[in-house]
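S.K.: What follows is a structure written as structure tokens; I'll ask about it next.
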Amino acid sequence: MKCNCEDIETLLSGYLDGELTQGDRQRVEVIMEDCEDCAKTFEEMKKLRGEIGGIEYEHMTEAERLKAAKDPVAETGASLGQILVIGGFILFYGSCIYLALKEMLANPDTPILIKIGLPAIFLGFGVLLTSVVIDRIKASKTDPYKDVEI
Amino acid sequence: MGIALRDKMNAGQGENAQDDIESLSDHGFALAIQLLGRHEDAADVVQDSLRKLVHSGQYNARRGPKRAWFLKVIRNGALDVLRKRKPEEEAAVAQLKDDDLSPAEAVEQNELKHIIRQQLGTMDVAQREIILLRDFHDLTYAEIAEVMEIRAGTVMSRLHRARQELRQRMRRYL
């Protein structure tokens, strides 16, 4: 029986994977009995398939596994708690500092260096805090994976 | 902190052992590293995919087997990373592959699997993934069609072309 290998070649993959209809399966079996080229192609594909199934790829580390399994909702809740606590402290101490400074600056007996120095220190803390917050916001906006589509 | 995502899963959802978070993560990570070639990128894609799915409720809403569906999510995430990769990053990942054994060394050590892995790594992503989805992840043609978002009728011919390409590359080792 003459084999037109190109005609049935694609079916060899389907046969290997058990994805053919009964009719096509029988057709492939008959042809492979007579055509050495087709039988050889099939055997090579079968060997490759077996080897591929056993290839070792890296696994996630335990740390990555734990990180991946954390719940973002719980983390968001914790972040919100942190923001409230830190924000509350800032407001409370800010108010105290404001009241203390207001009284001190209004007092004509306070030395001029203290009138300049203390506000400068508090202003400096404010600038540092703001720059840290801006850095954090920038980092979260440039996160390369946040737009990954599902 | 560190509340496990599995606590978010509905009771009875994990009836299929292949669908629990750990198993899906393992398969997802394997596909991600097969497509991306770099460990950290693969781990990021798995983490991102898990969070999006479980947090959005899609994991629990999904009925039936979840593996192919999860691999589809991983695939899309990985392809997204590949699209955003800069040429110099791509070169660095290619360098990682080059650091492996040369084919001659691998043959000496009788590591056919190693050579196949190297050859797959240098093949076109579309051809590499269809071979791995079938032969490594053991998906059916229907599942491959779902993962790759192609018509089921084209899976066999695409897969065969990819296999022929690999067979040509591996000819002298078979």
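S.K.: Can you tell me the dipole magnitude for chain A around its Cα centre, using point charges on the Cβ only (Lys, Arg +1; Asp, Glu -1), in Debye to the nearest 20?
M.R.: My answer is approximately 1640 debye.
S.K.: Please calculate the 1.4 Å probe accessible area of A:His59, with all protein chains present, and give it to the nearest 10 Å².
M.R.: Spelled out: A:His59, probe radius 1.4 Å, area about 120 Å².
S.K.: How big is the range A:30-131 on each of its three principal axes, counting only the C-alpha atoms and giving the largest first in Å?
M.R.: That works out to 112, 27, 22 Å along the principal axes.
S.K.: Under 1.5 on a/c is rounded, so check that first for the range A:72-141, then, if it is not, pick prolate when a/b is larger than b/c and oblate when it is not; a ≥ b ≥ c are the square roots of the alpha carbon gyration tensor eigenvalues.
M.R.: On the way: a/c = 6.40, a/b = 2.26, b/c = 2.83.
Because a/c hits 1.5 or more and a/b fails to exceed b/c, the range A:72-141 counts as oblate.
S.K.: Another question about this same structure. With every protein chain kept in place and ligands, DNA and RNA left out, what is the accessible area per residue of chain A? Probe 1.4 Å, answer in Å².
M.R.: That works out to 71 Å² per residue.
S.K.: What FRET efficiency would be calculated for the residue pair B:Asp124, A:Glu33, taking the C-beta separation as r and a Förster radius of 30 Å, to the nearest 0.05?
M.R.: According to the calculation, E is roughly 0.30.
S.K.: Probe radius 1.4 Å, ligands and nucleic acids left out: can you give me the accessible area buried at the B-A interface, summed over both chains, in Å² to the nearest hundred? Don't jump to the answer; show the numbers that get you there.
M.R.: Numbers: alone 10520 and 13120 Å², together 18740 Å².
Result for this pair: about 4900 Å² buried.
S.K.: Could I ask something else about it? Taking the inverse of the average 1/r across all pairs of different Cα atoms in the range B:13-99, what Kirkwood radius in Å do you get?
M.R.: Hydrodynamic radius (Kirkwood, Cα only) of the range B:13-99 equals 13.6 Å.
S.K.: Using +1 on the beta carbon of Lys and Arg, -1 on that of Asp and Glu, and nothing else charged, what's the dipole of the range B:13-99 about the Cα centre, debye to 20?
M.R.: 520 debye
S.K.: Relative to the present Cα-Cα distance, how much length would full extension add between A:Ile114 and A:Lys47 at 0.36 nm per residue of separation?
M.R.: Working: separation 67, 0.36 × 67 = 24.12 nm, distance 8.45 nm.
Extending this stretch completely gives an extra 15.7 nm.
S.K.: Another one. Kindly provide the helix-only [θ] at 222 nm of chain A, computed as the sum of -39,500 (n - 2.57) over DSSP H runs of four or more divided by all residues, to the nearest 500 deg cm²/dmol?
M.R.: Values: 6 runs with 115 residues, N = 150.
Counting only the DSSP helices, I get -26000 deg cm²/dmol.
S.K.: I've got another one for you. How are the Cα pair distances of the range B:100-174 distributed, in percent, across 5 Å bins from 0?
M.R.: Bin by bin from 0 Å, the calculated values are 3, 16, 26, 21, 15, 10, 6, 3, 0.
S.K.: Helix A:72-106 sits at what angle to the longest principal axis of chain A, using alpha carbons and giving 0 to 90 degrees rounded to 10?
M.R.: 20 degrees
S.K.: Sorting A:Phe92, A:Phe42, B:Phe136 by accessible area (1.4 Å probe), largest first, what list results?
M.R.: Order by accessible area, largest first: A:Phe92, B:Phe136, A:Phe42.
S.K.: Residue farthest toward the positive end of the dipole of chain A, with Cβ of Lys/Arg at +1 and Asp/Glu at -1: which of A:Thr61, A:Leu118, A:Ile134?
M.R.: Selected residue: A:Leu118.
S.K.: Given N residues in the range A:5-53, what is Rg(Cα) / (2.2 N^0.38 Å)?
M.R.: 1.07
The values are calculated or read from the model by the stated rules, or taken from the named source; none is laboratory data. Please read these numbers as outputs of a predicted model, since none were measured by experiment. No Cβ is skipped: glycine too gets one built from the backbone with ideal geometry, and neighbour counts run over all protein chains shown. To get the accessible areas, we keep the full protein, side chains included, count just its heavy atoms, and leave off ligands, DNA and RNA. Shrake-Rupley method; radii C 1.70, N 1.55, O 1.52, S 1.80 Å.
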